[in-house]
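Everything below concerns the one structure shown next.
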Amino acid sequence: MMRESGLFQCGLKSVSGALVFLEGARGISYGEMVEVIGGDGRVRPGRVLIASRETVALEVYQGTEGLSPAETRVRFLAHGLEVPVAEEMLGRTFDSFGHALDGGPEPLAREWRDVNGAAINPAMRAYPRDFLQTGVSAIDGMNTLVRGQKLPIFSASGLPHNRLAAQIVRQAEVPGERAGFAVIFAIVGASRDVADMFRRSVEESGALGRVAMFVNFADDPAVERLITPRTAFTLAEYLAFDRGMHVLVVVTDMTQYCEALREVASAKGEVPSRKGFPGYLYSDLASLYERAGRIRGREGSITQVPILTMPNDDITHPIPDLTGYITEGQIVLERELDRADIYPPINVLPSLSRLMSDGIGAGRTRDDHAHLSNQLYSAYAYTRRIRMLAAIIGEEELSGRDKMYLEFGRRFETEFVGQGPEENRSIAQTLDRGWEMLKLIPAADLTRVSEQELAAHLK
Amino acid sequence: MAGELSTSPGAREAQRKPVGRTVWVSGPVVKAEVEHSVFMGEQMEVGDERLIGEVIGVSGGQALLQVYEETEGLGPGRPVFSTGLPMFVTLGPGLVGSVFDGIQRPLHALEKAGPYISRGTKATPLDTEKRWHFVPRKRAGEKIGAGEVLGIVQETSVIEHRVLVPPEVSGELASVVPEGEYTVADVVATVRRHETGEEMSLTMAHRWPVKRPRPYHSHLRPEVPLITGQRIFDLFFPLAKGGTAAIPGGFGTGKTVTQHQLSKWAMADIIVFVGCGERGNEMAEVLLVFPELADPRTKRPLMEKTVLIGNTSNMPVAAREASIYTGITIAEYYRDMGYDVALMADSTSRWAEALREVSGRLEEMPAEEGFPAYLAARLAQFYERAGYVETLGGATGSVTVIGAVSPAGGDFSEPVTQHTKRFTRCFWALDKDLAAARYFPAINYLESYSGYLDEVGEWWHRKYDARWRALRDEAMRLLQEDSRLQRIVRLIGEDALPDEQRLIIEGSRLLQEACLQQNANDPVDTFCQPEKQLALLGAVLHFVKRAEEVVKKGAPIHRVREMAVREEIVRAKEKIPNDQLDRFKELTRRIDEEMDALYRDFRRVT
Ligand SMILES: Nc1ncnc2c1ncn2[C@@H]1O[C@H](COP(=O)(O)OP(=O)(O)OP(=O)(O)O)[C@@H](O)[C@H]1O
Ligand SMILES: [Mg+2]
């Protein structure tokens, strides 16, 4: 293919928002990576958005501040945005493009890969059914995460999702599995304080060696946020499907990502859809979330826990809504539990892991898991109804049986759902604790567990 | 056109010389300058990798193309090739059991290129090497008409593939091969056409443009229910063979589980499942389960009657749009053989969004919520392709269409749900609150409806029980009265109501627990025979009627609620298998016994 080599100088037409327009470029292609070089010599990466014989539109990461049409030059790189991938990136911290942020050397990558990856052939996928332990009872016991699943955390501003994210990053493991385990932590639009907190918490836990962090700071340009999770998934795919590792990717905060997408879209003058978000928000999110999974005949897996804050606590807002339409369930944090000082404030009732039923049981977690979680769920659902009733008629008016449920509810929230941010529970500990809770409700109500299970666990 | 469509399905004969060059590329939309005329809807190949695309606009020397593969790496000045054909699918033996992407590339054949879908990978839709045992049904010299059976091929152990004379072809059979093994590329017959007198060769396969409905002889009244084995549908909101149904619902309300249930259990000969812009793991699940699970009628693996089309949410957006057309055309093809076909589209909203996305790139004037103004027309055209018909060959066949709708925020007032409602006759509304309470299937029975009640009623009465409609209406009345009472209960509490009203609430509760709820994962209740459905509903209503009598005599409600037999009724759906329906007689007897005992107690008192 014919291509003008080196720098392309003339014809820069205009700069607007994150976009640069130029004329007369030849031999370029859609999605191609560019370097935009300003008058000060600074090199900014970017991408071709509209490849046209006449006017070419470029999206410039790191913003267009300080660029003037007269002085700016553009280099076309003839390939998409590529980032380094290597096992040695574990234990390190990088920016959205894979440059070292921790003062260490740049990664010695054998390979560079396109950040957009490629869609897994659906017929090549293996159905996820193996347990991944987070050490958090409300997740492992009630909404079990399965390797290859994508299970988001729906939070809201002011709730301790950062603490929970850090805890999961520190504690996650695949019990009894020989293949290596790695965690990739993508931090999108975080303040330096929060980013530091994450790094320290991982360092102090001694888990750093298996964690790679990609950080996009709140004051980095919005369009860069669109890259951060993609860079993380590119490394994840390499580790999982080339190196056979089980990889957990935690991304926080997807709301920041979506807002960046909206900002960039409106700068391009696109017709907005709901709440100003572009009509392709669903497809764009799917291009990230669908990078979770397993592939037939390969050992590794990619599991995703994206974390998002629901604007105005509204679960029908496009960000949680479209996320829920793509992911395989959701973990919901609740303000009421947080106010009652329950950590993590996970409400297990609206939470659901859609892949749980196929991923638990004998040989995976434990044979009593399904029945136990079912029983806990229904007892807690009943408790919540009783609480509403008690609010109307007063607690004293409740029957003795219903009072037992109130007690169950309190203990379930403080002792089963509630745990220390440093407390790491094995699945056996979680399940045993669940049985402890069941001792608080009338034996006659334990209809979802079998006689044998009762005999074995309640004695 | 039919002539070209009926030629060998192997190679795509895109011209070797380009007919133009690209000038503008943005996402799936490409503009090209073309030398000679291309036509609207023409299938094109773009760039050196020959990406598949379609003409969606022509003006002057410019053509607007929608490309069905990733366009990254494509730029101005690349060649564009014409095929001279509208977007088409290849129809012939080998479709059943296959998994295709939106533009009918067999996903298993793409595996050779690795686990990821790479651009420009070509694979013929049908295996051109595989030999099929062809048994001719016509002799040379016979007159043949469009849609008649030329011969048969055993496609899977349950599907006899009827090789049809393609639509628009008729004449005299000049030659036909003897029974034997042939590939889909081999000529099996030649026909001297009436209109032109020319000879035309036929293979076992032919092509058909996806946007053009396949012709049939006449439309029939849809009056045979499509039995699904799901009580909420068969008893309350029945679907007819050849009918249309919409399943709207917010995320996690059960659209996919419902469509999987229908694919597994519905009494259809062929299932076409279109995963349109949904999850890869769900396709993996289907591919894991369907080859293992036995069809309730034939006891053979489900995959032997299933065609899967998987264009997941991360695959190219434009191909999502194509996947729906690919699916419905394949469905019509098997209908034309005289089969009852059920097509599931999960989710039509993703298809509508693909329209919106492409429309947005074209900077068309948007109508509601950014959707193009032609959204309603496209939805109408799609659902219009459902139907119960007499085929050109004189058989009867049907295409039933069941479309999932994923409204933003679970709010049914959005355009896709609203338009779909106009073009479908069953509306199966999924309810967020019910799903959150893990009440499944989470069908809101007050908002849902079926337009086929009168039609299929006759069938039920003839085939099973003359009381079907009466039982159903009685149950619906109970549910409706209950919901009216619930409004009062919210204000004053249940205890404040008079006993006969509390009994309605009790009865409705029992009806829901014992009959309406049905767990897709329960080994017994996942599929419920029509006889069992009636028996179960009968038992519930019998209980309610008897309870009315004893409550009138003064028995307190809680005694009714605490009856041992009540629990038995609730468990019957999971405890009594489809082949032990005698046990319902026993259940009815116990209802009577316990009611009689209670009745005696209170008669003595009064
Ligand atoms: N009939 C049913 N029986 C048992 N469980 C069900 C049933 N229907 C739905 N569920 C439960 O609800 C979950 C979500 O259902 P499903 O995947 O069908 O939702 P959906 O409406 O397709 O959501 P989305 O729009 O996100 O794809 C399932 O994983 C299952 O746990
Ligand atoms: Mg679904």
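The values are calculated or read from the model by the stated rules, or taken from the named source; none is laboratory data. In this text, all values refer to a predicted model and were calculated from it rather than measured experimentally. Reconstructed Cβ throughout: ideal geometry from the backbone, glycine too, with neighbour counts over all protein chains shown. Just so you know, the surface numbers come from the protein's heavy atoms only, side chains and all, with ligands and any DNA or RNA stripped out. Shrake-Rupley method; radii C 1.70, N 1.55, O 1.52, S 1.80 Å.
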- [ ] Determine, yes or no, whether B:Pro316 is open to solvent by 10 Å² or more (accessible area, probe 1.4 Å), on the phi < 0 side of the Ramachandran plot, in contact (Cβ under 8 Å) with a residue 60 or more places away in the chain and within 14 Å of chain A (Cβ to nearest Cβ).
- [x] yes
Open item on the list: Of everything in the stretch A:134-162, what is open to solvent by less than 10 Å² (accessible area, probe 1.4 Å) and of a type in the set (S, T, N, Q)? Give them in sequence order.
Closed with: A:Thr134, A:Ser137, A:Asn143, A:Thr144, A:Gln149, A:Ser155
Open item on the list: Among the residues of the stretch A:327-344, are any within 13 Å of chain B (Cβ to nearest Cβ) and among the basic types (Lys, Arg)?
Closed with: no
- [ ] Answer yes or no as to whether B:Asp495 is of a type in the set (Asp, Glu) and either within 30 Å of A:Asp358 (Cβ to Cβ) or more than 14 Å from every other protein chain (Cβ to nearest Cβ) (or both).
- [x] no
TODO: Could you tell me whether the stretch B:373-384 includes any residue that is in contact (Cβ under 8 Å) with a residue 12 or more places away in the chain, aliphatic (A, V, I, L, M), more than 16 Å from ligand 1 (Cβ to nearest atom) and open to solvent by 10 Å² or more (accessible area, probe 1.4 Å)?
DONE: yes
TODO: Kindly indicate which of A:Ile184, A:Ile295 is modelled with pLDDT of 95 or more, within 14 Å of chain B (Cβ to nearest Cβ) and under 25 Å from B:Tyr116 (Cβ atoms).
DONE: A:Ile295
TODO: Go over the candidates A:Val48, A:Val85, A:Val74 one by one and state the one that is of a type in the set (Val, Ile, Thr), open to solvent by less than 10 Å² (accessible area, probe 1.4 Å), farther than 20 Å from B:Pro76 by Cα and in contact with a Leu (Cβ under 9 Å, 6 or more places away or on another chain).
DONE: A:Val85
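Conditions (1) within 12 Å of the chain's Cα centre (by Cα); (2) within 9 Å of chain B (Cβ to nearest Cβ), marked per residue:
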residue	(1), (2)
A:Phe241	no, yes
A:Thr252	yes, no
A:Ala267	no, no
A:Val271	no, yes
A:Tyr282	no, yes
Task: Residues being over 30 Å from A:Gly269 (Cα atoms) and crowded, with 23+ Cβ neighbours inside 10 Å - total across the stretch B:390-420 - done: 10
Open item on the list: If I ask for residues that are away from ligand 1 (no atom under 14 Å from the Cβ) and either out of contact with any strand residue (DSSP E or B) (no Cβ under 9 Å at 6 or more places or on another chain) or within 22 Å of A:Gly293 (Cβ to Cβ) (or both), which ones from the stretch B:312-351 would you list?
Closed with: B:Asn314, B:Met315, B:Pro316, B:Val317, B:Ala319, B:Arg320, B:Ser323
Task: Neighbours by Cβ (under 6 Å, 6+ apart or cross-chain): first from the stretch B:249-271, more than 12 Å from ligand 1 (Cβ to nearest atom); second part of a loop (DSSP other than H, G, I, E, B) - done: B:Ala266/B:Leu226; B:Ala266/B:Thr228; B:Met267/B:Ile227; B:Asp269/B:Tyr339; B:Ile270/B:Tyr339
Task: Residues (within 16 Å of ligand 1 (Cβ to nearest atom) and of a type outside the set (D, E, K, R)) located in the stretch B:222-242 - done: B:Thr228, B:Gly229, B:Gln230, B:Ile232, B:Phe233, B:Leu235, B:Phe236, B:Phe237
TODO: Please give the strands (runs of 3 or more DSSP E) falling wholly within the stretch B:52-155 in which 2 or more residues are open to solvent by 30 Å² or more (accessible area, probe 1.4 Å).
DONE: B:62-67, B:132-136, B:149-154
Task: Qualifying residues in the stretch A:298-309 (those that are over 19 Å from A:Thr134 (Cα atoms) and more than 12 Å from chain B (Cβ to nearest Cβ)) - the one nearest to the chain's Cα centre (by Cα) - done: A:Thr309
- [ ] Scan the stretch A:151-171 and give yes if some residue there is over 27 Å from A:Glu336 (Cβ atoms) and of a type in the set (Phe, Trp, Tyr), otherwise no.
- [x] no
TODO: Would you be able to tell me the number of residues in the stretch A:317-329 that are open to solvent by less than 20 Å² (accessible area, probe 1.4 Å) and either assigned to a strand (DSSP E or B) or within 14 Å of ligand 2 (Cβ to nearest atom) (or both)?
DONE: 8
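To keep it simple, each residue is scored yes or no on (1) of a type in the set (D, E, K, R); (2) farther than 20 Å from B:Thr71 by Cα.
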residue	(1), (2)
B:Glu111	yes, yes
B:Pro115	no, no
B:Leu126	no, yes
B:Lys130	yes, yes
B:Phe134	no, yes
B:Ala140	no, yes
B:Val149	no, yes
Task: B:Ala404 being within 14 Å of another protein chain (Cβ to nearest Cβ) and not in a loop (DSSP other than H, G, I, E, B) - done: yes
Open item on the list: Residue under question is B:Gln480, and the condition is that it be within 16 Å of ligand 1 (Cβ to nearest atom) and at pLDDT 95 or above; does it hold?
Closed with: no
Open item on the list: Being open to solvent by 10 Å² or more (accessible area, probe 1.4 Å) and either away from every other protein chain (no Cβ under 14 Å) or among the aliphatic types (A, V, I, L, M) (or both) is true for just one of A:Leu22, A:Leu108. Which residue is that?
Closed with: A:Leu108
Task: Odd one out for A:Ala166, checked against (1) open to solvent by 20 Å² or more (accessible area, probe 1.4 Å); (2) over 30 Å from B:Arg105 (Cα atoms) - done: (1)
Task: strands (runs of 3 or more DSSP E) fully within the stretch B:188-283 counting 1 or more residues that are crowded, with 21+ Cβ neighbours inside 10 Å, more than 16 Å from the chain's Cα centre (by Cα) and more than 16 Å from ligand 2 (Cβ to nearest atom) - done: B:199-203, B:206-209
Open item on the list: Restricting to the stretch B:467-522, give me the number of residues that are in a helix (DSSP H, G or I), in contact (Cβ under 8 Å) with a residue 12 or more places away in the chain and touching a Leu at 6+ places or on another chain (Cβ under 9 Å).
Closed with: 24
Open item on the list: For the stretch B:102-139: of the residues being in contact (Cβ under 8 Å) with a residue 24 or more places away in the chain and within 8 Å of chain A (Cβ to nearest Cβ), which is nearest to B:Ile324 (Cα to Cα)?
Closed with: B:Leu107
Task: B:Gly457 being assigned to a loop (DSSP other than H, G, I, E, B) and away from every other protein chain (no Cβ under 14 Å) - done: no
- [ ] For the stretch A:320-339, enumerate the residues that are without any contact (Cβ under 8 Å) to a residue 40 or more places away in the chain and of a type in the set (Lys, Arg).
- [x] A:Arg339
Open item on the list: Criterion first (more than 14 Å from every other protein chain (Cβ to nearest Cβ), in contact with a Leu (Cβ under 9 Å, 6 or more places away or on another chain) and open to solvent by 20 Å² or more (accessible area, probe 1.4 Å)) does A:Gly176 satisfy it?
Closed with: no
